[in-house]
Structure formats: structure tokens, C-alpha cells
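Everything below concerns the one structure shown next.
The values are calculated or read from the model by the stated rules, or taken from the named source; none is laboratory data. Quick caveat: nothing in here was measured; it's all calculated off a predicted structure. Positions of Cβ are backbone-derived with ideal geometry, glycine not excepted, and every protein chain shown enters the neighbour counts.
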Amino acid sequence: MQAIHVDTKPIEGQKPGTSGLRKKTRVFMEPHFLENYVQSIFDGIGGITGKTLVVGGDGRYFNDRAIQVILRMMAANGAARAIVGQGGILSTPAASHLIRKRGTDGGLILSASHNPGGPDEDFGLKYNGPNGGPASEGVTDRIFARTREIDGYRIVEAHDVDIGTVGERALGDMAVEVVDPVADYAALMEELFDFDKIKGLLSSGFTLRFDAMHAVTGPYAKAILEDRLGAAEGSVVNAVPSPDFGGGHPDPNPIWAHELMATMTSPEAPDFGAASDGDGDRNMIVGKGAYVTPSDSLAVLVANATLAPAYREGLKGVARSMPTSGAADRVAEALGIDCYETPTGWKFFGNLLDAGRATICGEESAGTGSDHVREKDGLWAVLLWLNILAEKRQPVSQLMAEHWAEYGRNYYSRHDYEAVEADVAAGIMDDLRAALPDLPGREVGGLTVDAADEFSYTDPVDESVARQQGLRIFFEGGGRAVFRLSGTGTEGATIRVYLERLETDSDRLQMGAQEALAPIIAAAEAISGVRARSGRDAPDVIT
Ligand code: VG1
Ligand code: CO
């Protein structure tokens, strides 16, 4: 089998964002687009001769075709082995675990995560390093630099490799090892959590519903929640991964997981509801009529982690992305452990986890995880919640009320303005950035600005610096508004406005978030003009 060299030219727009490269699927399918990017990854990491990579994705449209191209390019570039999830399927956390467990040189994950899939929707590809985590900015910068000077790629001419059945086969000199995507991951979960305790909970009449949103976690959730833990058959719904996620938007928030929200607020609501996203790294937690914000969920997990075997010795530290609420900070303070504030995106947690400075990390965007892998992990969060509830035996709403009574409540919401014209969005952000120095002391609708800045992060482990990571306005009395442009969208720009206010008055802990945040929401709009200037009546998504 011969490797051929195909001449190409650089293609514009191959800069990786918050989590790899995401584009419209049709863009990825344009001639040489995928090949150029894959070769740039290989070149950017110093070649793959003799290396082993894990390959898998969330099963979305084009996943199967792209994997065959990647395998042929790996063979042509001299890789020794590809470890591939059966059917091309691997959830993002399962891929991270496989990279670590097998000690590989990293992996390629095919996913656009929570973005919809299909020929007219989104596709994505990212490289994770040998620690199992998303490539650092230094690595993605090198990959991007290669995309701008690439003049050719290598590929072998061959028929498709059978990745539909478990086993090992050859592609030229490279071994293609097809593995069960669920087995290793399920075994890891069994090590971390008290499965017997959770079984006890589930056989005591406690009911749950897990909505896989037609995405990758279906087979994982069925195997773990139903088969191993004994949740009633049918507890996992929308469990068959489909290339277009059933036409839906596999983003586990109250808007896109409205089906689950409707169930959880109905008279027949089970005790516990959860959902995950396209590639299985996000989670949504909801009790009977009680939606738990991701920031609160992180705080609850940190506060109660020692109830699960893996964390019994305590946590080394906690990390959260900057826009995530300060709820976890309050718990960390009470526990006397460090709390780190990082830029948005899981890649910034990698060093802290590797260095043993943080055990649990989280983001307001429904991502929580720990040092068991180097990605956020949707099912892990669900299982930790179940382990905690199996010990505490109380409704989610009561657990939340007790948590807030102890630590105060960080009312929190994110308002997204999607598909805003790129130059309009840039203008809004530029003007706000320019206004920051004059904001302190300004009164807006009864609130006074205390401080305002643009977030920069110096990694405490390798001292790399990430700049321009969000505009922050702090109000007197502890309120905060943060503004960022999304780095995962594929159409125009998405402006994210993150809103937060701490409440410690015990009589005011049960308000609706939008109501509790109304003054902050109004002040954020008065200062930034996001809604007015983007020409919207309201945000497209409110979480
Ligand atoms: C979003 C979230 C961020 C998350 C990222 C990837 O990024 O805000 O917290 O890490 O998606 O998640 P952005 O740049 O659009 O705000 V996933 O589940 O899409 O890999
Ligand atoms: Co995801």
C-alpha cells in the first residue's frame, strides 16, 4: 500500500477555537479542508511516526467518512496504531480516558459537541494530548501556523477499514484496533463511585430519567444506569445516537432539553433528571421541579464529594472558569482548599489537574469533571450526584435549599445573543472595552460599578498567559456582569452575557433567577447596549 502526496494550498479559517476547529459540515467536506487540517495537526505535534492515537467521535453526520480519511492519513504519516471506538463512536470523556489508560500519544476527537449535526449543521475536530486533555494554546497555535503554510498532505489509497466490529486489522503498516467504546469507561466509573449504594437508592423507589438527546451518551448511560445500576428500563431516553441528533440541538440546558424540563415539572416527574450533550462531556441536573444551575451543581459536588469513594480523602483544590459563579469558591473557602479561576475552555484546567492542584473543575456551560480524565464528563457528574443522593437520601430541592442556607445563593444566569453579525459584535465588545476605565464609580439603575477590567490569566504551573478572556464589570454589593464572544460557533458571532449576584438573606433564597438578577441585567444592558445594538428583543438563549 503506497502513501501518496497530494498538493494543496492553505485554506483560510482553520484557527481552532475554545475547543478545536468547528465549522459547518459542508465546509469540512470541501476538497482538502479536512485533510489540510489533519496534516497540520500531525505536523504541529512534530509528526506521528511510530505513534499511537485514539480516534473517535460523537457519531454525527460525516463522522464515519472523516474517520476513514483520518485513518488513511495516519497510515501514510507512519503512525504505528490507531485505537478506534467501534462504529467510530467515543464520547469525549471516554476518549480522554482511553488516551490515558493506553498511554497513547494523544487522540483525535470528532465532534462539534452541543452544536446540531447534519449536512447543513456543524462538524468539528480537535486534538487531545497524551494527558488526555485538549491541546494547550501553545500546541493549537503551532497547528494553526501549519494550516497557513501547508502545501501538501499524505494519504494512502485503500478501501475503508472495517470499524464496525471489535478487533484488530491492518491498514498498510498501521494497526487499527477497534474497541468497545463503553467498556473501559464504565469500568472507570465503577472504580470511582459506590455502585452498590446507588443500586440501593434505585431499588428503593427512587426514579430517574436520563435524556441522551439522541447523542453519544445513549449507549454509555444505558450500560451504566440501566444495566449495571438497575435503573428501570426506559429510564434512559433518546438513547440511540443519530447523525443529526433527531433534528435537535444536543445542548443540555432548559431551552434545548425542554422535553426533559417538561417531564421534571409535571406531576409524574421522577426524582432525578439529567441530560448530556452531543459528545457527552456536558451535563444538566434537575430535580423534581428544581433545575440546578451548572455553577450550583459544581458547588454541590465540591461540598459533598467526599461521600463518593474516589474523593473520600478530600479534594486537592477546585477550579472554575471565570464566568462561572462564585458558588464553588464559597465552598472551597469553607473547606480550606484552593480555588482557581481560569479562562473559558477545558484546556485551561489541564495543567492544574496534572500538577495535582485541583481535583474537581467546572464551567457554567454545564461542564463538570475531575482528575479521573482531562475533559469534562457528563455521566461522571450524574453518577456523583446519584452517589451523593444515595448517601443523603433527600430530594434535590431540599439539598439545594440546605446548600444555599449554608453558603448563600449565587443567583446566576447566562444570556446568549446568537448569530450576531461579526462586525456588530466586535463593535459592541470594542466599545465596552474602551469604556471600562471610566466605569468605576458610575451609577446605573441603582447599582454602582465597583470595578471593571478585562480578564487575563497566568497559568500558575507553566506561567503561560492568556489575554482578552472576557470583559468584567463588578458592582458594589457583590454583583457581576461578564461579556465574552463565543469561540465555538460557526455562524456570525455569539455574545454571551453572564450575570451573577450573591444573596445571603435567608428570606430571599427562593426567588426566580431572572427576577433576582433584574437590576444586574438592566445595568449590563445600559452599559453595553448588547440587546439594542444586536437588534434583539430578548436573548436567544437564557440558561
Ligand atoms: C463554550 C462554553 C465553554 C465550553 C466550550 C466547549 O465555549 O462556554 O465553557 O468549554 O463551549 O464545550 P464558548 O467559547 O462558545 O463560550 V463543548 O461541550 O462544546 O466541547
Ligand atoms: Co460537549
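Annotations for the structure displayed:
- Residue list for the range 497-529, filter: basic (Lys, Arg) and touching a Ser or Thr at 6+ places or on another chain (Cβ under 6 Å): none
- Here is the figure for the range 39-54: residues that are surrounded by fewer than 24 Cβ atoms within 10 Å (Cβ to Cβ) and without any contact (Cβ under 8 Å) to a residue 60 or more places away in the chain total 7.
- Residue in the range 380-402 that is within 16 Å of ligand 1 (Cβ to nearest atom) and of a type in the set (A, V, I, L, M) present: yes
- Check on Met213, touching a Leu at 6+ places or on another chain (Cβ under 9 Å), in a loop (DSSP other than H, G, I, E, B) and within 16 Å of ligand 1 (Cβ to nearest atom): yes
- Qualifying residue in the range 406-416 (condition: under 27 Å from the mean Cα position of the chain (by Cα) and part of a helix (DSSP H, G or I)): yes
- Out of Arg496, Arg533, Arg467, one residue alone is in contact with a helix residue (DSSP H, G or I) (Cβ under 9 Å, 6 or more places away or on another chain) and either within 16 Å of ligand 1 (Cβ to nearest atom) or among the basic types (Lys, Arg) (or both). It is Arg533.
- The range 374-397, subset within 16 Å of ligand 2 (Cβ to nearest atom) and assigned to a loop (DSSP other than H, G, I, E, B), residue surrounded by the fewest Cβ atoms within 10 Å (Cβ to Cβ): Arg374
- From the options Asp281, Asp277, residue that is touching a His at 6+ places or on another chain (Cβ under 8 Å), at pLDDT 95 or above and either of a type in the set (S, T, N, Q) or buried (at least 24 other Cβ atoms within 10 Å of the Cβ) (or both): Asp277
- Number of the exception - Ala355 against (1) in contact with a helix residue (DSSP H, G or I) (Cβ under 7 Å, 6 or more places away or on another chain); (2) under 13 Å from Val461 (Cβ atoms); (3) aliphatic (A, V, I, L, M): (1)
- Residue that is in a loop (DSSP other than H, G, I, E, B), more than 15 Å from ligand 1 (Cβ to nearest atom) and farther than 15 Å from Asn115 by Cβ, where the choices are Gly218, Gly234: Gly234
- Screening Arg484, Arg433 for residues that are modelled with pLDDT of 95 or more and either part of a strand (DSSP E or B) or of a type in the set (Gly, Ala, Ser) (or both) leaves exactly one candidate, Arg484.
- Given (1) farther than 24 Å from Gly492 by Cα; (2) of a type outside the set (Val, Ile, Thr); (3) buried (at least 23 other Cβ atoms within 10 Å of the Cβ), index of the condition Arg100 fails: (3)
- So Ala82, is it modelled with pLDDT of 95 or more, over 19 Å from Ala158 (Cα atoms) and crowded, with 24+ Cβ neighbours inside 10 Å: no
- Unique match (being in contact (Cβ under 8 Å) with a residue 40 or more places away in the chain, in contact with a strand residue (DSSP E or B) (Cβ under 7 Å, 6 or more places away or on another chain) and assigned by TED's automatic domain parsing to the domain that holds Arg414) among Arg433, Arg501, Arg533: Arg501
- Taking the criterion of being modelled with pLDDT of 95 or more, surrounded by 13 or more Cβ atoms within 10 Å (Cβ to Cβ) and in a strand (DSSP E or B), the only residue of the range 1-18 that qualifies is Val6.
- Residues in the range 180-203 that are polar (S, T, N, Q) and either crowded, with 17+ Cβ neighbours inside 10 Å or free of Cβ contacts under 8 Å to residues at least 12 places away in the same chain (or both): 0 in all.
- Selection from the range 68-126 of residues that are over 21 Å from the mean Cα position of the chain (by Cα), over 16 Å from Pro243 (Cα atoms) and of a type in the set (S, T, N, Q): Gln68, Asn77, Thr104
- Any hit, the range 56-67, residues being part of a loop (DSSP other than H, G, I, E, B), under 22 Å from Asp162 (Cβ atoms) and among the hydrophobic types (A, V, I, L, M, F, W, C): yes
- Annotation: of all residues in the range 244-285 being among the small types (Gly, Ala, Ser) and more than 25 Å from Ile198 (Cβ to Cβ), the one that is farthest from ligand 1 (Cβ to nearest atom) is Ala262.
- Ser297 being away from ligand 2 (no atom under 16 Å from the Cβ) and surrounded by 18 or more Cβ atoms within 10 Å (Cβ to Cβ): no
- None of Val373, Val382, Val396 is under 30 Å from Ile520 (Cβ atoms) and among the β-branched types (Val, Ile, Thr) except Val396.
- Selection status of Ser486, of a type in the set (Ser, Thr, Tyr) and loosely packed, with under 15 Cβ neighbours inside 10 Å: no
- Condition met for Arg148 (within 30 Å of Thr490 (Cα to Cα), of a type outside the set (Gly, Ala, Ser) and surrounded by fewer than 22 Cβ atoms within 10 Å (Cβ to Cβ)): yes
- Taking the range 255-373 as the region of interest, the helices (runs of 4 or more DSSP H) fully inside it that hold 1 or more residues being within 26 Å of Asp184 (Cα to Cα) are 294-304, 350-354.
- Evaluated against (1) farther than 20 Å from Glu30 by Cα; (2) at pLDDT 95 or above, Tyr61 falls short on exactly one condition, (1).
- In the range 332-364, the residues that are closer than 15 Å to Pro294 by Cα and more than 13 Å from ligand 1 (Cβ to nearest atom): Ile360
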